[in-house]
Amino acid sequence: MTAIDVHELTKEYGGNRVLDGLGFSLAPGQVTGFLGPNGSGKSTTLRLLLGLARPTAGTALVDGRPYAALTAPLRRVGALLDANAAHPRRSARDHLRVLAASNGIPAARVGAVLDRVGLTEVAGRRVGTYSLGMRQRLGIAAALLGDPDVLVLDEPANGLDPEGMTWLRELLREHAAAGGTALVSSHLTHETARYADHLLVIGGGVLLADQPLDTFLTDRGARLVHFRSTDGERLAEVLRSRGHQVLPGEEGAWRVPGARPDEIGAIAAAEGLGVLELRAEETGLEDVYLALTEGTGAHRGRPSTPTGG
């Protein structure tokens, strides 16, 4: 059984293809981290899944049905796409009461979810007076209101303090442990690594990875070689020509995910390039993710050129 099914999902805006045949399935009982650079198509995917836009081709289904075909959708899917969705002049309690009434949800759930997200004491205040972190908590409360099996959250950690991030991780893990499904889009790879069982990575509108987190790291050789050379740019160019990902580091250093020091040293020696530093370390999700998505972002800054030596 799958909770979310996306098949050959394609979306074009004005002739620009934002998504190109995206496909994945998510089962109950897991938290899936959804990663990708700016402009990769993450937000578009979530909007299509939630019926806020129509695909050019393909399907996005929840429990085998399009979102628009769900009866009382808040009971099936809880979503947070915009922390500013609540009217600023309405209190948090009234905002949730309106949502509950529109979906046939008992009024008692309003108090329960306010307590769950830690907003009970400020529930009578206007939302416009809330901090970003408080608005995020209110958005999560709205997502939880119908006690849905599926959660779809876009950047839910924005504005949360460290205590809030810990709370969010625990909430997601508890939801999965109870048999629920959570799809969480984020730019915070270090946070994603702490709560996700599974990863989806997209770049340029296409799927780059769809794997359990531990498999994603293992398959990509979760190790990293740092080097500095008398001619770092030349060595980086040679390594790239031999199929390596090479990323600029700090203070003239370079990073090569998935490589071994002896391999880099041998290539440098063969090219007659001096090596000033060469060391290996185990990598985390961020380094592996950056290597996989290099060059796929729609908006990329140009780093300063590292100097050799």
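Of everything in the range 11-29, what is under 17 Å from Ala209 (Cα atoms) and surrounded by fewer than 17 Cβ atoms within 10 Å (Cβ to Cβ)? Give them in sequence order.
Of everything in the range 11-29, those that are under 17 Å from Ala209 (Cα atoms) and surrounded by fewer than 17 Cβ atoms within 10 Å (Cβ to Cβ) turn out to be Gly21, Gly23, Ser25, Ala27.
Does the range 131-158 hold any residues that are buried (at least 21 other Cβ atoms within 10 Å of the Cβ), without any contact (Cβ under 8 Å) to a residue 60 or more places away in the chain and in contact with a strand residue (DSSP E or B) (Cβ under 8 Å, 6 or more places away or on another chain), and which are they?
Hits for the range 131-158 are Gln136, Gly139.
Select from the range 174-206 the residues that are more than 23 Å from Val77 (Cα to Cα) and assigned to a strand (DSSP E or B) and list them in ascending order.
Gly203, Val206
I'm trying to understand the selection: among the residues of the range 79-99, which are of a type in the set (S, T, N, Q) and surrounded by fewer than 17 Cβ atoms within 10 Å (Cβ to Cβ)?
Asn84
Please give the number of the condition Thr215 fails out of (1) closer than 15 Å to Leu285 by Cβ; (2) assigned to a strand (DSSP E or B).
(2)
Among the listed residues Asp161, Asp115, Asp94, identify the single one that is among the acidic types (Asp, Glu), in the same structural domain as His198 (by TED's automatic domain parsing) and touching a residue at least 12 places away in the same chain (Cβ under 8 Å).
On inspection, the qualifying residue turns out to be Asp161.
Condition first: crowded, with 16+ Cβ neighbours inside 10 Å and among the β-branched types (Val, Ile, Thr). Now tell me which residues in the range 114-130 satisfy that.
Val117, Val122, Val127
The values are calculated or read from the model by the stated rules, or taken from the named source; none is laboratory data. Small disclaimer: the values here were computed from a predicted structure and weren't measured. So basically every Cβ, Gly included, is an ideal-geometry build from the backbone, and we count neighbours across all protein chains shown.
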